[in-house]
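Novice: My structure is below; once you've seen it, I'll send some questions.
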Amino acid sequence: MSDVSALGGHVQAEGASSLDEVLAKVRRHRTHLSRLMNAHDATRLVLGLLYLSRTAHAAPGAGVPTWSWLLGQPAGRDSGIRAAVSKCLSHWFPAADEQGADAGTGSLMPVPPSGSEGSLHALIQAIGSTQRVGPLLDQCLRDLSANQTQADGSHYFTPGDMARLMVGAAVPRDGHRVLDPVCGSGGLLVESYCYVRERVELHPTMSLQGKEQHAHTSQVARMNFAVRGITAHVFPPGDSLAEPEPEPHDIVLANLPFNQRDWAPDDKTEQSTRRSAPTLPVDPRWTEEPPSRGSANSAWIQHIAHALAPAGRAVFLMADSVANSRQPVPRRLRERLLRDDLVECVIALPPRVFGHTKAPACLWVLNKDKSARPGWGVRDRREQVLFVNARRAFEPVPDSRARRLGDKNTALILATLAAWRGIFENGVTAAPYNDAAGWSRSCSTKEIADRESSLMPTSYAVEPPSPERDTRSRVEQLKLELADQFDQMRDLELRLLDVLEEI
């Protein structure tokens with residue numbers, strides 16, 4: 001995806017070395033800013049400058065501060081560049097809410113600190129020297145994600161290979177309505193746009209909608225879309241679980257928070273459990289059984305399933321424990337999902353390939369229409385589920401102890417899913433699917449139901465016997481049992497608190 005060029009700007013070809021120099025310069029001066037203000041605000045300030053470079057443009061004589069005006073500001077402690085940046089941000093910075101009200105916007109705007117004049121000038125000149133702001137933007141979002149994860153566990157950035165896997169599994173099409181109920185910086189919606197644009201070679205006519213609980217993050221998402229020239233609707237900050245989605249969506253993508261505690265609004269769930277409370281309308285998302293208050297995992301799955309259109313698909317990350325927990329609530333949820341034939345695929349991911357958690361996780365794929373049909377695939381997969389065991393499908397990040405899926409493993413997982421579906425791509429049917437020991441297995445919903453409705457891929461796509469495999473299997477089983485015990489502890493804790501409140 002090409003970035004939006006500045007109005008009236010001249011696009012120059014840039015080599016990799018030139019871009020690397022700009023990236024290094026921006027990071028160096030951002031680091032200097034973080035010594036004068038907290039690292040989170042320093043990165044948001046750089047992101048704000050990137051935003052201004054693509055949006056702060058007006059006709060001559062308009063009487064408003066512009067990017068070209070900022071570029072012309074002199075260097076030096078007494079240059080007034082701090083005031084100039086603040087003035088420009090105040091005029092152009094996107095409001096935190098959709099109505100664009102000024103209330104609250106000023107408090108969200110990062111303020112350049114005293115002593116930052118040299119770094120501000122250098123950052124403005126570096127950003128102004130390149131037309132390829134995409135890599136700069138991604139670097140800022142990665143830094144924001146790292147800073148915020150350390151601070152409070154929230155996250156802005158879904159790694160690129162993970163985003164490509166999730167979007168590739170969802171297969172969005174032109175004209176689709178795409179929702180991310182926990183959109184963060186909007187990365188999954190951006191990837192959806194890119195995925196469709198690569199196939200139609202035009203600007204997609206998609207409806208992209210994002211929801212985010214935190215005002216700062218919601219504002220970052222709006223800047224992300226604006227810098228890339230993508231039209232998307234970001235709702236005012238709020239809790240997506242507070243109420244059902246008002247309209248169905250063709251695609252739902254979500255990098256969900258795991259094991260979110262105490263999520264339920266008091267007036268919707270807690271009162272319904274008290275005998276003396278008045279009867280409340282049944283929430284259409286969970287008409288058969290309300291989710292546990294101890295963890296929002298089940299609530300998120302039901303919220304997403306309810307938001308799907310008749311042929312809709314959803315892809316989301318979920319903690320391992322939900323796939324295999326013997327606790328009554330998650331087990332009965334899995335039974336209902338299998339009964340309604342919503343589960344299409346579950347992929348066991350390698351640990352530590354997404355920055356906001358080290359907990360083992362699976363990628364769930366829901367599909368409300370798994371039948372063979374024109375424009376989709378030639379395999380009728382009703383009452384079947386594909387399990388992919390990608391626990392060992394990772395590669396080391398160079399010069400780091402971190403891991404990533406990598407393009408090769410991402411492509412392999414997507415090729416396996418496409419073959420199982422029998423999907424057409426560019427007029428060509430995917431290669432025939434066959435189970436692969438230790439990698440993938442197609443199972444009937446009846447077989448899964450006979451195994452306590454477990455949706456853990458490592459229980460189905462089993463490696464050939466070996467001492468190493470036996471050790472890994474035992475470790476995996478112990479981890480699942482420990483997670484199950486933790487779930488029981490959380491549930492008992494909340495029950496005890498409810499009892500204490502009634503005394």
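Novice: Could you please give the count of residues in segment 377-402 that are part of a loop (DSSP other than H, G, I, E, B) and closer than 24 Å to Lys446 by Cβ?
Specialist: Going through segment 377-402 one residue at a time, the tally reaches 6.
Novice: Still on this model: Counting just the residues of segment 447-456 that are assigned to a helix (DSSP H, G or I) and touching a helix residue (DSSP H, G or I) at 6+ places or on another chain (Cβ under 9 Å), which one comes out surrounded by the most Cβ atoms within 10 Å (Cβ to Cβ)?
Specialist: Filtering first and then ranking leaves Ile448.
Novice: Looking at segment 392-418 only, could you name the residues that are open to solvent by less than 50 Å² (accessible area, probe 1.4 Å) and under 20 Å from the mean Cα position of the chain (by Cα)?
Specialist: Residues of segment 392-418 that are open to solvent by less than 50 Å² (accessible area, probe 1.4 Å), as a first pass: 393, 397, 402, 405-406, 409-410, 413-414, 416-418.
Residues satisfying the conditions are Ala402, Leu405, Gly406, Asn409, Thr410, Ile413, Leu414.
Novice: Looking for something over 20 Å from the mean Cα position of the chain (by Cα), surrounded by 20 or more Cβ atoms within 10 Å (Cβ to Cβ), touching a residue at least 60 places away in the same chain (Cβ under 8 Å) and not in a loop (DSSP other than H, G, I, E, B) - is there at least one such residue anywhere in segment 361-368?
Specialist: The answer is no; no qualifying residue exists.
Novice: Among the residues of segment 333-355, what is the count of those that are among the basic types (Lys, Arg) and modelled with pLDDT under 95?
Specialist: Total satisfying the criteria: 1.
Novice: Sort out which residues of segment 125-140 are open to solvent by 10 Å² or more (accessible area, probe 1.4 Å), in a helix (DSSP H, G or I) and closer than 21 Å to Pro74 by Cβ, and write them in order of number.
Specialist: Gln125, Gly128
Novice: Under 9 Å by Cβ, and 6 or more places apart or on different chains, what pairs join a residue from segment 391-416 that is free of Cβ contacts under 8 Å to residues at least 40 places away in the same chain with one that is assigned to a strand (DSSP E or B) and of a type in the set (Ser, Thr, Tyr)?
Specialist: Thr416/Ser440
Novice: With the requirement that a residue be touching a helix residue (DSSP H, G or I) at 6+ places or on another chain (Cβ under 6 Å), open to solvent by 10 Å² or more (accessible area, probe 1.4 Å) and in contact (Cβ under 8 Å) with a residue 60 or more places away in the chain, what does segment 29-66 give you?
Specialist: Correct list: His29, Arg30, His32, Ala39, His40, Tyr51, Arg54, Thr55.
Novice: Filter segment 67-94 down to the residues that are free of Cβ contacts under 8 Å to residues at least 24 places away in the same chain and within 31 Å of the chain's Cα centre (by Cα) and list them by number.
Specialist: Ser90
Novice: List the pairs whose first member sits in segment 165-187 and is within 19 Å of Glu245 (Cα to Cα) and open to solvent by 30 Å² or more (accessible area, probe 1.4 Å), whose second member is charged (D, E, K, R) and assigned to a strand (DSSP E or B), and whose Cβ atoms are under 8 Å apart, counting only residues at least 6 apart or on separate chains?
Specialist: As it stands, the answer is His176/Asp250; Arg177/Asp250, since those pairs meet every condition given.
Novice: Determine, yes or no, whether Arg382 is touching a strand residue (DSSP E or B) at 6+ places or on another chain (Cβ under 8 Å) and open to solvent by 70 Å² or more (accessible area, probe 1.4 Å).
Specialist: Taking the combined requirement at face value, the residue does not satisfy it.
Novice: On to the next question. Evaluate the following for Gln148: is it open to solvent by 20 Å² or more (accessible area, probe 1.4 Å), at pLDDT below 90 and farther than 30 Å from Asp239 by Cβ?
Specialist: no
Novice: Restricting attention to segment 183-199, does a residue exist that is in a strand (DSSP E or B), more than 29 Å from Ala42 (Cβ to Cβ) and within 14 Å of the chain's Cα centre (by Cα)?
Specialist: The answer is no, given that none of the residues of segment 183-199 is in a strand (DSSP E or B), more than 29 Å from Ala42 (Cβ to Cβ) and within 14 Å of the chain's Cα centre (by Cα).
The values are calculated or read from the model by the stated rules, or taken from the named source; none is laboratory data. These figures come from a predicted structure and were not determined experimentally. Please note: Cβ atoms are built from the backbone with ideal geometry, for glycine as well, and neighbour counts cover all protein chains shown. When the accessible area is computed, the model is the full protein with side chains, heavy atoms only, and any ligands, DNA or RNA have been set aside. Shrake-Rupley method; radii C 1.70, N 1.55, O 1.52, S 1.80 Å.
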